[in-house]
1. For helix 831-850, what angle does its Cα long axis make with the longest principal axis of the chain, in degrees from 0 to 90 and rounded to 10?
2. Gain in length, Asp322 to Glu651, computed as 0.36 nm per residue apart minus the alpha-carbon separation, to one decimal in nm?
3. Distance between the C-alpha centers of region 77-93 and region 435-468? Whole Å please.
4. Tell me, what is the 1.4 Å probe accessible area of Lys904, in Å² to the nearest 10?
5. Could you point to the residue in Leu306, Ala209, Pro283 farthest towards the positive end of region 205-312's charge dipole, with +1 and -1 charges on the Cβ of Lys/Arg and Asp/Glu respectively?
6. Kindly state, to the nearest 0.05, the FRET efficiency for Asp208 paired with Phe750, given R0 = 45 Å and r defined as their beta-carbon distance.
7. Roughly how big is the chain's charge dipole about its Cα centre, with Cβ charges of +1 (Lys, Arg) and -1 (Asp, Glu), in debye to the nearest 20?
8. Using a 1.4 angstrom probe on the protein heavy atoms only, could you order Glu491, Glu905 from most to least accessible area?
Amino acid sequence: MALSNPIGMSEPEPPPPGGDATARVTPMMEQYIEIKAANPDCLLFYRMGDFYEMFFDDAETASRALGIVLTKRGKHLGADIPMCGVPIERADEYLHKLIALGHRVAVCEQLEDPAEAKKRGAKSVVKRDVVRLVTPGTLTEDTLLDARRNNYLLAVARARLSSTEEDARFALAWIDISTGEFRITECDRASLSAEIARLEPGEIIVSDALFADGEVAPFWRTLPAVTPLARDVFDSGTAERRLTSFFAVATSDAFGALTRLELTAAAACVTYVERTQIGKRPPLSPPLRESAGATMAIDQATRGNLELMRTLAGERRGSLLDAIDRTVTSAGSRLLAQRLSAPLTDPAAIGKRLDAVASFVEDAPARADTRSRLAVAPDLARALARLAVGRGGPRDLAAIRDGILAAADLARALAALKNMPADIAQALDSCRKPDGMLAAELAAALAAELPLLKRDGGFVREGYDVALDETRSLRDESRRVVAALQARYAEETGVRGLKIRHNNVLGYFVEVTAQHGDKLLAAPLNATFIHRQTLAGQVRFTTTDLGELEAKIASAADRALGLELEIFERLAAQAIAQSAPIKQCAEALAQLDVSSALAHLALERDYARPQVDASHDFAVDGGRHAVVEQALARDGTPFVANDCDLSPPAEGDAGRIWLITGPNMAGKSTFLRQNALIAILAQMGSFVPAKAARIGVVDRLFSRVGAADDLARGRSTFMVEMVETAAILNQAGSGSLVILDEIGRGTATFDGLSIAWATVEHLHDVNKCRALFATHFHELTALSARLPRLYNATVRVKEWQGDVVFLHEVVAGAADRSYGIQVAKLAGLPTSVIERAKLVLAKLEQEDRAAPKGFEDLPLFAAPYKAPQAAVDDAYGELIAALAALHPDEMSPRDAMDALYALKEKLKAPEKR
Ligand code: ADP
Ligand code: MG
């Protein structure tokens, strides 16, 4: 929708086109230009009446981005001013679009009534200023946020001990201003991307220097919204002062022992919040430090690959989160997502969460009661945050009231829980924290039906405030007087159809049809009725009485609204004063929702409580894939449960590697992933889809799929596969769980086989981690003869009348064949092709048997593989050396060409091999 000139403009317009306008800048444009100059990196939403207008380049950008019409308004320095506008009541919608496209918006409001400005003289401009910067990481509106997801603002600060990047430390501080959560942690360069992948921040802020830094700059470019900020925001010298002053505490000791770097990141967050919210303070909790290693490290590729929060296609539907989410509140859904993206590593902490789930599993009435009470509980945290930044409405006050009351009721109801574990007891304590007086006050004050916006009025209950009631009855009384006046005028004039009406231009007026107009225009009635307007069918008049009455009504309505707004501010202030207990209460409700929802899920889908300890065990009995199982169930197909045991053999502490062979479609990938998901579910504190599971804490989880399986990500090159495999071989340790699915598929058979071979050896001897390795290279199964912790498993299939039947059953042993031709047949390849393929296969197999490959003789098999990083491909090494030896400044164009050809030649050599 495109709208040009706002209605009811009371400011001096830009001079009309032509005349002497060429070089004059109107006072309003002067104001606009000044405000725009102060916010150069934002689109400026400039409030004019009922619209936000954009001018110049902003107008062009926004009209393109929003698909609204670009118009012109007056002239600036002789040229037309491009303009476009959005009506305020639809501003959220347009803001949403702009933010999603990566824009930042400065919202500039009118700070006084235009009538005030007029009093200063006809030429004066309404006072305006920016009241808020809207950026992706600092949103609070329901309409701009996904209720079921946190929206984090993340600050990243870096400290370097030396010039190398390897020992650089990064501090991460993140805030959700819509809920008040505030956390800090530290990590190294290697874990930085995994940490960011876990948080999925809406916006990342970094210093200019870090943004432009050669080493990290390419990484920033892979992320959606990274905002570079001037150095002062990341100044470590003033960090502590900024942080303590925000929280009004004497020293940062109040937040526990924070490093200088952590203080820097945390201070950057609060400074950015202050700058974007301009004077308003969201109710942030004091920063909570997460110690490194407290959560399972899961890198970006693994998260994507396991489809934890969304599928490879980017949908929530079909993800693990979607499959396990049985929460009934948005806050619960957000907490569940947080827990899923950050499984714990401390068995005791995990045990506490599991206890809470277990007690809801055991007590069916309590579970049902909790869920039905929570289902009607509002989103306390977000309502509170909106009130605190001055963007709340009457319904947010109602949310505070209902949330507090629901929490208190729930605490009473659950006091009788059969089994009261520590987590639930603590949550119930928090539910009782907010002052009941506040809820009672809100209950007394708020009307039954509430408008969305406070400026609409009518939200304060009758009988709550004497002064308000009086003003309102005055207003309503006046309305009755209008009705009486209409009757009197009709009587006096003898015009029965005479009406008193109201519009925004004329206010109250008397209206008669055209045929009666003359009567009122003539004596004696014209002494009372003053002509205002003649329309096609009607004539309109005013009278002195009506004028007086109108003034009275308007002032009573104004006064009533004024009183209501005062009451609103007072109630909001009372709620904000209780931010801390209200937030604790909101967290407790979310916790109870998550625990009871996970219990509900466990019963619905027959999950078992896992046993989590500090060993390197991994024993799953009858495990299932949480997502595939539910998808199959919709078609009535049963899921075949499978065991998996990666626990160390009796004599050692290093876990096993399972090498899984079997034809395509047998269920290898499903089996691999289901075990990774079981580890994640267990450590996030959920029951798991299995008959029983004993999990020694997994500190790092890696999952990779061979390039050929990975087309969906649109970057499926062999190189990516190898880079990711390298990352695993360099990082996995004894506490890790590694899932490798068909690694080595993206290249020629012998290349791929050799790489897979060496990878298994490295995992076994160097990483000593638990691993599941699915492969179509049957040759690898020979390795189990030499590698004691390597175990061969295969997915059973049955041949029946020349067709292959998938049993999806994982058993000991190796697949004897690939059944590729049978699968091709199932897929509908023409019979002639199938028959021909069978002939070719028979011939190939015959030759293979005649000349056995004898893998035991491979030098590879006996070769040492201690320093994998050092084994750089010689040919590329040469290429790099040749490049390094070039000095472009000293070369003639001819030399340069020659050098380029020489490099190309060198490049060809390895390609040929
Ligand atoms: P592979 O990796 O061996 O090619 P997948 O794991 O992709 O096979 O599985 C192929 C299909 O088989 C899956 O989409 C699923 O529908 C089905 N499947 C896999 N495992 C099971 C199981 N345990 N029970 C039932 N169906 C299964
Ligand atoms: Mg597969």
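The values are calculated or read from the model by the stated rules, or taken from the named source; none is laboratory data. Everything numeric in this text was worked out from a predicted model, so none of it was measured. With ideal geometry, Cβ positions are generated from the backbone for all residues, glycine too; neighbour counts draw on all protein chains shown. Ligands, DNA and RNA are stripped out before the accessible areas are found, and what is left, the full protein with its side chains, is counted by its heavy atoms. Shrake-Rupley method; radii C 1.70, N 1.55, O 1.52, S 1.80 Å.
1. The angle comes out near 40 degrees.
2. Working: separation 329, 0.36 × 329 = 118.44 nm, distance 4.11 nm.
Between Asp322 and Glu651, full extension yields 114.3 nm more.
3. Answer, in whole Å: 36.
4. Counting only protein heavy atoms, the figure is 120 Å².
5. Pro283
6. Values: r = 50 Å, r/R0 = 1.11.
Efficiency, rounded to the nearest 0.05: 0.35.
7. Details: 107 positive and 123 negative charges, 304 e Å.
The calculated dipole for the chain is roughly 1460 debye.
8. Working: Glu491 150, Glu905 105 Å².
Descending order: Glu491, Glu905.
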